[in-house]
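Enquirer: Got a structure for you, questions after.
What follows is calculated from the coordinates using simple rules that are stated; it is not laboratory data. Because the structure is predicted, anything quoted here is derived from the model rather than measured. Here the Cβ positions follow ideal geometry from the backbone for every residue, glycine too, while neighbour counts run over all protein chains shown.
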Amino acid sequence: MTGSLAILNARLIDPVAGTVAPGGVLIRDRHIAATGSFDTPSGVETIDAGGAHVAPGLIDLGIFAIDMPAFTAGGITRAVLMPDQSPPLDHAALVQRAAAAGKPDVWIHPLAAATKGLQGTELAEIGLMKAGGACAVATGRDWIADSGVMLRVLSYARSLDLTVVAHAEDGGVTAGAVATEGEYATRMGLSAAPAVAEAMAVARDIMLAEQSGARLHFRQLSTARAFDLVREAKRRGLPVTCGISPAHLMLSDIAVGGFRTFARLSPPLRSEDDRQAARKALADGTIDLLCSSHDPQGPEAKRLPFADAEPGMSGAETLLALSLTLVRDGLINLPRLIELLSMAPARLLGLPGGSLEVGAEADLVLFDPKMPWRIDSDHMASRAGNTPFDGLPVQGKVLRTIKGGVLLR
């Protein structure tokens, strides 16, 4: 369907105005033609929302796998792809191929590898990759240990007006670790690293960003000391931002009890004190966006001893449902949630989307924030259902995902 569409009897979430109001959305030629109250043209296909909510489609910054069914099930209309692919996205042709992978449905926006092969030693051809469609530069799953290389990455990115998306763990401290140092890792005999490894990486990269003048985004932070560093950098006016996944807001290292490999994540789950600090950082605006960190791993990678299992979780289709718990907990309101899930990543990387303004692309999600369902890892749309939330009852279900005025589900 590529014609006109009218969504009626809905509640519109406007993250720009910070409001939730009754109304509808009229779509023509893949763009929003009207919102609120309007006369429905004759011959237009209509959807009666029945009081469900309409918001800009979600933009997921930092996915590790192109997983179209999971994106559509989760209300995601644009996904920002990490360069950690096979082979890594360190060449313009690879970036172009990745950018075309989801069209015309969920659009994929690749991140250029900062270094060749993501080895952290030699800069990749970032300028050519930007011309090929890369929307930012990323260090990948790992921290660039060589400060000189990282400074050159930041300086080059600044000259190209690109944001650098960084992983924040000092690899010299975390090498070989599979958990956060603490009571639970000790009880289970797991190789662990202190949480300060994150803050050490954040401190160095903020100093290098200040030196270079580059925009720096930490894909996922999870510790109190790291949030303090970002909070101070923002206070000083530095262009430093950070994201977090719902998992690190809802779970602590207790979840790895019983050697549950579905709870082996990157960064690893932290202490309860750090989890509470993360929730505070979300409430006070230190955290700029929410991401799923979608990294589906098959049973051959997860049904192993904890130390041998691959880190990561399938998070795309549960991103909205889990994030809605933050609204019910009173940490943020609904417009702010949609800002964190849609408008903020669009603004950070200069992508279309994140708005219900007339003329904007009609990338929308229609959802019922109160609809109950249970997360079932065996019946997820994702190509792998590895989630630490298996069996959890949640509220908030995506009913329709609309990309450029086209119904994807």
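Enquirer: A 31 angstrom limit on the alpha carbon distance is what I want to check against. Which of 116/302; 130/280; 370/403; 280/397 exceed it?
Expert: Beyond 31 Å between Cα atoms: 130/280.
Enquirer: Quick one: dipole size for the range 58-349, taken about the Cα centre, charges +1 on Lys/Arg Cβ and -1 on Asp/Glu Cβ, in debye to the nearest 20. Walk me through the intermediate numbers first.
Expert: Details: 28 positive and 32 negative charges, 117 e Å.
Here the range 58-349 has a charge dipole of around 560 debye.
Enquirer: Non-local amide H neighbours of residue 242 (under 5 Å, H modeled in plane, Pro and chain starts lacking H): which ones?
Expert: Answer set, sorted by chain and number: 218, 288, 289.
Enquirer: Separate question: So what J values fall out for the range 205-219 if you push phi through Karplus, 6.51 cos²θ - 1.76 cosθ + 1.60 with θ = phi - 60°, rounded to Hz, Gly and Pro as x?
Expert: 5, 5, 5, 5, 5, 5, 5, 8, x, 7, 7, 10, 10, 8, 4
Enquirer: Taking square-rooted eigenvalues a ≥ b ≥ c of the alpha carbon gyration tensor, is the range 242-307 rounded, prolate or oblate, where a/c under 1.5 means rounded and, failing that, a/b exceeding b/c means prolate? Could you put the intermediate results ahead of the total?
Expert: Numbers: a/c = 3.81, a/b = 1.73, b/c = 2.21.
Cα axes put the range 242-307 in the oblate bin.
Enquirer: Label 7 Å along Cα→Cβ of residue 383; the range 93-126 residues with amide nitrogen under 14 Å?
Expert: Inside the label zone: 98, 101-102.
Enquirer: Fully extended, how many nm does the chain gain between residue 188 and residue 272 (0.36 nm per residue separation, minus their Cα-Cα distance)?
Expert: Details: separation 84, 0.36 × 84 = 30.24 nm, distance 1.76 nm.
In short, 28.5 nm is gained.
Enquirer: Relative to a virtual label point 7 Å from the Cα of residue 46 in the Cα→beta-carbon direction, which members of the range 15-34 show backbone nitrogen distances below 18 Å?
Expert: 22-28, 33-34
Enquirer: Can you give me the long-range amide H partners of residue 31? Hydrogens built in the peptide plane at 1.01 Å from N, cutoff under 5 Å, separation of 5 or more residues or another chain.
Expert: 362
Enquirer: Let me ask another. So what is the 222 nm mean residue ellipticity for the chain from helices alone, if each DSSP H run of at least 4 adds -39500 (n - 2.57) and you divide by all residues, rounding to the nearest 500 deg cm²/dmol? Intermediate results must be reported in sequence, preceding the final value.
Expert: Working: 14 runs with 115 residues, N = 409.
Result for the chain: -7500 deg cm²/dmol, rounded to the nearest 500.
Enquirer: Which FRET efficiency value, to the nearest 0.05, is calculated for residue 19 and residue 390 with the Förster distance at 41 angstrom and r the Cβ-Cβ distance?
Expert: According to the calculation, E is roughly 0.70.
Enquirer: Now for a different question. Order of 370-383, 66-79, 11-24, 394-407 by packing, highest average Cβ count within 10 Å first?
Expert: 66-79, 394-407, 11-24, 370-383
Enquirer: ³J(HN,Hα) across the range 147-158 via Karplus (A = 6.51, B = -1.76, C = 1.60, θ = phi - 60°), whole Hz, x for Gly/Pro?
Expert: Ordered by residue, 3J(HN,Hα) equals 5, x, 5, 5, 5, 5, 4, 5, 5, 5, 4, 4 Hz.
Enquirer: Using a/c under 1.5 as the rounded threshold, could you call the range 58-349 rounded, prolate or oblate? The axes a ≥ b ≥ c are square roots of the C-alpha gyration tensor eigenvalues, and prolate needs a/b larger than b/c, oblate otherwise.
Expert: Taking the square roots of the gyration eigenvalues as a ≥ b ≥ c, the range 58-349 is rounded.
Enquirer: Between residue 96 and residue 145, what length in nm is gained on full extension when 0.36 nm per residue of separation is reduced by their alpha carbon distance?
Expert: Values: separation 49, 0.36 × 49 = 17.64 nm, distance 2.83 nm.
In short, 14.8 nm is gained.
Enquirer: Still on this structure, please answer the following. Going 7 Å from the Cα of residue 38 toward and past its Cβ, which residues in the range 345-361 have a backbone nitrogen under 18 Å from where you end up?
Expert: 353-361
Enquirer: Tell me, how many Å apart are the Cα centres for the range 329-371 and for the range 153-174?
Expert: If we compute the Cα centre of each part, the gap is 26 Å.
Enquirer: Kindly rank 46-56, 183-193 from highest to lowest mean number of other beta carbons found within 10 Å of each residue. Display every interim value, and only then the final one.
Expert: Values: 46-56: 19.6, 183-193: 15.6.
Peptide ranking by packing, descending: 46-56, 183-193.
Enquirer: Additional query: Starting from the amide H of residue 109, placed 1.01 Å from N in the peptide plane, find each other amide H under 5 Å away whose residue is 5 or more places distant or on another chain.
Expert: When sequence neighbours closer than 5 places are left aside, the close amide H contacts are 79, 80, 81.
Enquirer: Then there is this: Once Lys and Arg get +1 and Asp and Glu get -1 on their Cβ, which of 191, 51, 33 lies farthest toward the positive end of the dipole of the chain?
Expert: Projecting each Cα onto the dipole axis, the largest value belongs to 33.
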